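Working notes for the structure below.
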């Protein structure tokens, strides 16, 4: 399937899901791990850091530790983390700290 095959993404509607308080630290930990998983996959594929994204040369400016990412990139990873946590809660799972 390619982009012209009419695929229409349909993520779960989580607009009504409210997360319990106190998940900020967990959200940040998940966001950092999301970035690490992404970066590890790129490195395995032969990508390295570059000041601008260059697919031909496999260079990407986000191949840096999470703490060094621009805020907009961190926000993207945080959103992924939050949506994952909302999905978990929407299925009736609870999150607690040991």
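So for the chain, averaging the separation of alpha carbon pairs under 8 Å that are six or more residues apart and normalising by length, what relative contact order in percent results?
Answer for the chain is 33 percent.
At 222 nm, what helix-only mean residue ellipticity would the chain give, in deg cm²/dmol to the nearest 500, using -39500 (n - 2.57) for each DSSP H run of four or more?
-14500 deg cm²/dmol
Rounding to the nearest 10 and keeping the result within 0 to 90°, find how far the Cα-based axis of helix 24-44 lies from the longest principal axis of the chain.
Orientation of helix 24-44: about 30 degrees from the principal axis.
Consider all pairwise Cα distances in the chain and report the whole-number % of them above 20 Å.
The proportion of pairs with Cα distances above 20 Å equals 53 percent.
If one takes the longest principal axis of the Cα atoms in the chain, at what angle in degrees, from 0 to 90 and to the nearest 10, does the Cα axis of helix 71-90 lie?
Compared with the principal axis, the helix lies near 40 degrees.
When each pair of different Cα atoms in segment 1-43 is counted once in the 1/r mean, what is the Kirkwood radius in angstroms, to one decimal? Can you show the working numbers first?
Numbers: mean 1/r = 0.0726 Å⁻¹.
About 13.8 Å for segment 1-43.
What is segment 27-81 by shape, rounded, prolate or oblate, if you read a ≥ b ≥ c off the alpha carbon gyration tensor as root eigenvalues and call it rounded for a/c under 1.5, prolate for a/b larger than b/c, and oblate otherwise? If you can, show how the numbers build up before the last one.
Details: a/c = 2.50, a/b = 1.71, b/c = 1.46.
Taking the square roots of the gyration eigenvalues as a ≥ b ≥ c, segment 27-81 is prolate.
Coordinate-derived values only; no laboratory data. No experiment lies behind these values; they were computed from the predicted model shown.
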